[in-house]
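A.B. asks: Below you'll find the structure I mean.
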Amino acid sequence: MRTKKAIYNALTAILMQLVSFGAGLIIPRLIIASYGSDVNGLVVSVVNFIEYLYLIEVGISGALTFSLYKPLVENDRIGINRILAASRRTYNQIGLYASGLVVAMMFVYPFFVINERITYWEVFALVAAVGSASLLNYFTIAKYMALLIASQSNYVISLFRIVYLTANVLIIVTMVQLQFHFAIVYGAALLAQVLQAVGLVTYVRRKYAYIRFDAEPDMGALSNRNNVLVHELANMAVFSSPVILLTLFATLTDVSIYAVYSLVFTGISRLIMVFNNGFTAGFGQLFTQKDKRQNLQTSYSQYEALFYMLLTFVYSSAWVLGIPFIQVYTHGISTTNYVDPVIWMLFVAVGVLDNWRFPQASLINAAGHFKQTRHRAIIEACVMLVAATALVFPLGVKGVLIGLILALGYRSIDIYYAHKLIDMPFAPTLGRIVRMLATGAIIVLPFETVIHIQADGMWSWILNAALVALWAGTVSLLVNFVAERQAIVGVIARVRSVF
């Protein structure tokens, strides 16, 4: 059943991330073409700052999810209701605090970004529109998320997210084509968030009819919150600080350049996270069943082998296809030069360093070892902030990316630590990482020496992408099938058993 749900989660999450990636390509390009790079940089900056509202709730979702594993396995409905009652109380309080912060940001933030083209009240209205979407989540769907994740029902979240993304794109494209002001465009897009909230709440109430929020809240379910909080704060410091630093110490155009590259790599990273999100809850349930430790080790080994094969395929393809894509995507934009191979290579390095520890992170999260690893999260954030702040002045976008590489390189220590949790030797993982890098080099080599990809338009790029993907997939599959035959056969057997 865990494997079946993991596959459902993976398939729907892949579809959701493809839709998200498509939306991420369409909207920024439309905003840049219609309103300019400054406005796109402003939108990215506002969205990034609004995300900092989550500072007041970080740690809650992770702690609640971990607390729900045991009562869900034991079908303890009283325990589930008590945890969800605590969830509702907490998120309602957070929603009130967040409302105050949004109002304060509406008045203060414009002073940091206004220029001759963007006025105070335009920024004021944009902050109100974007902030309202986040506030809606706190008061509606946030309290249900931990239940869906802990029960391996991520596919439900993905399906409703697809509805939201589709509606959001349709609304924004329509409003832009009708030449509405950009603040009005994002205000209208709030309707997509309302649609998602109504659908998700309706589903949960019908699926889990036994939920009662009038139960005595189990505030102990949040006992691990502070440790989760450290990790999530550190993660936000690492991945949100580039936009903040570029906003404060560079220009909105630099923010827009970073955002164009970032949207590609964010889409890639989210596709890869499909495997984490799909399997972490299953690992969490196995951790609660001590007699199934051997099953956990076998499942994890197969998962890790498959994951590193996927990582090889994805980032070797990205290395080859990246700059041709940026050239096609930004064709016709003459005000800003978005094509920079060095920035692309640095982003690839960031992507690999961030993603190659996902399997180990899934174990750490499933086991609830947030306290044991929090000091490394703090050091990672400090390395990022110090290095990126020092380098953003002389190097701009490249400087913040180098800071990211240094921080993520340090945090790779977790790859070794996680194996202690399930008493597995580290040597197989090290071998997989070395093989991943070597196989990636083999895939990329012909395109760096003999073959040079050029695309005259999006369809030309898609054709090239298909050929590159075929080459990368064939090489990666052959190498890993020879080296990981037992693990690959085990994965195939699991999938066949589901169908």
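A.B. asks: All but one of (1) surrounded by fewer than 22 Cβ atoms within 10 Å (Cβ to Cβ); (2) in contact (Cβ under 8 Å) with a residue 60 or more places away in the chain hold for residue 158; which doesn't?
C.D. replies: (1) is the only condition that residue 158 fails.
A.B. asks: Give the number of residues within the stretch 449-464 that are under 30 Å from the mean Cα position of the chain (by Cα) and either part of a helix (DSSP H, G or I) or surrounded by 13 or more Cβ atoms within 10 Å (Cβ to Cβ) (or both).
C.D. replies: 9
A.B. asks: Can you tell me which residues in the stretch 316-328 are closer than 14 Å to residue 471 by Cβ and within 21 Å of the chain's Cα centre (by Cα)?
C.D. replies: If the condition is that a residue be closer than 14 Å to residue 471 by Cβ and within 21 Å of the chain's Cα centre (by Cα), then 316, 317, 318, 319 are the ones that fit.
A.B. asks: Further question: Being part of a helix (DSSP H, G or I), crowded, with 19+ Cβ neighbours inside 10 Å and not hydrophobic (A, V, I, L, M, F, W, C) is the filter; apply it to the stretch 366-407 and report the residue that is modelled with the lowest pLDDT.
C.D. replies: 373
A.B. asks: Is there a residue being more than 23 Å from the chain's Cα centre (by Cα) and modelled with pLDDT of 75 or more anywhere in the stretch 220-241?
C.D. replies: no
A.B. asks: Something else about it: Within the stretch 1-47, take every residue that is among the charged types (D, E, K, R) and at pLDDT below 80 and give me the one that is nearest to residue 181 (Cα to Cα).
C.D. replies: The extreme case among them is 5.
A.B. asks: So, in the stretch 49-60, of the ones that are within 16 Å of residue 247 (Cα to Cα) and crowded, with 20+ Cβ neighbours inside 10 Å, which residue ends up modelled with the lowest pLDDT?
C.D. replies: 49
A.B. asks: Among 428, 446, which is more than 26 Å from the chain's Cα centre (by Cα), surrounded by fewer than 17 Cβ atoms within 10 Å (Cβ to Cβ) and modelled with pLDDT of 90 or more?
C.D. replies: Exactly one residue qualifies, and that residue is 446.
A.B. asks: Return the residues of the stretch 153-187 that are under 27 Å from residue 12 (Cα atoms), of a type in the set (Gly, Ala, Ser) and modelled with pLDDT under 90; say none if nothing qualifies.
C.D. replies: Those that are under 27 Å from residue 12 (Cα atoms), of a type in the set (Gly, Ala, Ser) and modelled with pLDDT under 90: 153, 158.
A.B. asks: Within the stretch 422-464, which residues are of a type in the set (A, V, I, L, M) and either more than 18 Å from residue 356 (Cβ to Cβ) or touching a strand residue (DSSP E or B) at 6+ places or on another chain (Cβ under 7 Å) (or both)? Lay out the reasoning, then the answer.
C.D. replies: In the first step, residues of the stretch 422-464 are kept if they are of a type in the set (A, V, I, L, M); the result is 422, 424, 427, 430, 433-434, 436-438, 441-445, 450-451, 453, 455, 458, 462-463.
Selection gives 422, 445, 450, 451, 453, 455, 458, 462, 463.
A.B. asks: Check residue 91 against each of (1) within 20 Å of residue 208 (Cβ to Cβ); (2) touching a residue at least 60 places away in the same chain (Cβ under 8 Å); (3) surrounded by 21 or more Cβ atoms within 10 Å (Cβ to Cβ) and name the one condition it does not meet.
C.D. replies: Exception for residue 91: condition (2).
A.B. asks: Quick one: which helices (runs of 4 or more DSSP H) sit completely within the stretch 103-210 and have at least 3 residues that are of a type outside the set (Phe, Trp, Tyr) and within 16 Å of residue 31 (Cα to Cα)?
C.D. replies: So the answer is 120-139, 154-177, 182-188.
A.B. asks: Check 269, 256, 334 and return the single one that is surrounded by fewer than 22 Cβ atoms within 10 Å (Cβ to Cβ), of a type in the set (Ser, Thr, Tyr), assigned to a helix (DSSP H, G or I) and modelled with pLDDT under 90. Give the steps one after another, and end with the answer.
C.D. replies: On the way: 256 fails: surrounded by fewer than 22 Cβ atoms within 10 Å (Cβ to Cβ); 334 fails: assigned to a helix (DSSP H, G or I).
Step by step, each of 269, 256, 334 is checked, and only 269 is surrounded by fewer than 22 Cβ atoms within 10 Å (Cβ to Cβ), of a type in the set (Ser, Thr, Tyr), assigned to a helix (DSSP H, G or I) and modelled with pLDDT under 90.
A.B. asks: Mind listing whichever residues of the stretch 313-357 are free of Cβ contacts under 8 Å to residues at least 60 places away in the same chain, closer than 14 Å to residue 265 by Cα and among the small types (Gly, Ala, Ser)?
C.D. replies: Residues satisfying the conditions are 318, 322, 349.
The values are calculated or read from the model by the stated rules, or taken from the named source; none is laboratory data. Note that the structure is predicted; figures quoted are calculated from it, not measured. Here the Cβ is made from the backbone with ideal geometry for all residues, glycine too, and neighbour counts use every protein chain on show.
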